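First up is the structure itself, then whatever we jot down about it.
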Amino acid sequence: MQISRFMLALLAASVLATGCAKQRAPATKAVEAIEQSLAEVKTDAEKYAPEGLKGVESQLARLKTSLEAKEYDNVLAGTPQLEKAVASLKDAVESGKEHARVALATAKTEWATLNTEVPAMVQNIQTRVDELSKKKIRFKVSKDELESAKSGLEWMKSEWAEATAASESGRITAASEKAKAIKAKGLEVEKTLGMKDTRELTASKE
């Protein structure tokens with residue numbers, strides 16, 4: 001009786017080992033296939049879908065842990081979900097690339113306009129500051145307002161130098177963002193100096 005039980009236990013263990021051995025190959029291949037698929041998109045994913053990449057890598061790490069623990073059932077069961085996650089990551093990367101292309105095209109258009117508008121704005125403000133600085137009596141612009149405008153003008157010049165450098169190095173999006181900030185500041189400075197009222201008066205006469 002004891003021998004029979006021992007033989008049954010041995011047989012069961014043998015069957016289990018055989019089953020595990022059969023599952024090991026497909027489980028291993030499944031993980032390797034996913035690793036290869038992920039490797040194809042990883043570099044772009046780091047740039048365009050970093051959060052999605054982290055999620056996929058986390059899932060892959062869990063499957064590899066199960067594979068090392070010989071939990072082949074868990075590996076095979078989790079493979080379809082991870083394959084879908086990798087496919088979704090690839091879609092996210094393509095979407096990110098398209099968004100980047102559109103953003104770059106928009107930035108180029110904006111920069112082409114701002115590259116003309118901002119230097120002209122800076123020059124006009126400089127002229128206005130020089131004019132007001134020569135006057136001993138100013139009715140619409142106080143001394144503090146003039147000093148504030150001068151400070152704003154210097155900031156604009158400094159930022160414009162950085163925007164130009166960014167453009168020259170090919171960072172058009174950064175250049176455009178800086179230029180928009182400079183223009184916004186310029187509008188504030190023009191208002192402080194009464195230049196907006198002057199433009200509106202000139203426009204109404206025309």
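The values are calculated or read from the model by the stated rules, or taken from the named source; none is laboratory data. The structure presented is a predicted model; accordingly, all values stated were derived computationally and were not measured. Backbone-built Cβ (ideal geometry, glycine too); neighbour counts: all protein chains shown. With ligands, DNA and RNA removed, areas are computed over all heavy atoms of the protein, side chains included. Shrake-Rupley method; radii C 1.70, N 1.55, O 1.52, S 1.80 Å.
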Distance in nm between E57 and A105 label points, each 7 Å along Cα→Cβ, equals 3.2
For region 87-206, averaging the sequence separation of alpha carbon pairs under 8 Å that lie six or more residues apart and dividing by its residue count, the contact order in percent is 34
Full extension between K42 and T127 adds, at 0.36 nm per residue less the Cα distance, a length in nm of 25.3 nm
Ignoring ligands and nucleic acids, K180 exposes an accessible area, probe 1.4 Å, in Å² to the nearest 10, of 80
The extension gain from A161 to T113, computed as 0.36 nm times the residue separation minus the Cα-Cα distance, is 15.6 nm
For region 35-185, whose charge dipole is built from +1 on Lys and Arg Cβ atoms and -1 on Asp and Glu Cβ atoms, the candidate among S176, V118, H99 with its Cα farthest towards the positive end is V118
Of the accessible area of region 72-168, computed with a 1.4 Å probe and all protein chains kept, carbon and sulfur make up a percent value of 53
